[in-house]
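A.B. asks: Quick one: structure below, then a few questions.
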Amino acid sequence: MEKVFSKDKEEMLRYEAAERYEMDYVSHMSTAELKGEERGIKKGLEKGRKAQALETAKTLLKMNLSVDKIAEATGLKTEEILQLNIS
């Protein structure tokens, strides 16, 4: 009878360990997924800001504002603005 109880206890310990492992795995995956979403949102916002700055720079170029003033107003590098002027 004692052997049966020992086997059941060992099996229960293995089961509990497997459950803990699975819960840890799910928790880690959820955390990784959230971090990935946050990075994606951040990159998307940065890309949108950059696109808006480029559009603003194009408009200011059409208004004959100096490249230095456009760089100051938009935060773009002068090289980026000059590339717009070429296109």
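None of the figures in this text is laboratory data; all of them are computed from the coordinates on show. From a predicted model like this one, the values you see are computed outputs, not experimental measurements. Cβ atoms come from the backbone with ideal geometry, glycine included; neighbour counts cover every protein chain shown.
A.B. asks: Any idea what % of Cα-Cα pairs in the chain are farther than 22 Å?
C.D. replies: That fraction is 60 percent.
A.B. asks: Under a straight-distance cross-link criterion of Cα-Cα below 20 Å, which lysines are reachable from residue 35, leaving out those fewer than 8 residues away in the same chain?
C.D. replies: Output for residue 35: 43, 47.
A.B. asks: What's the magnitude of the charge dipole for the chain around its Cα centre, counting Lys and Arg as +1 and Asp and Glu as -1 at the beta-carbon? Answer in Debye, nearest 20.
C.D. replies: It comes to approximately 600 debye.
A.B. asks: Can you find, among 64, 36, 51, the residue farthest towards the positive end of the dipole of region 2-86? Put +1 on the C-beta of Lys and Arg, -1 on that of Asp and Glu.
C.D. replies: Ranked along the dipole, the leading option is 64.
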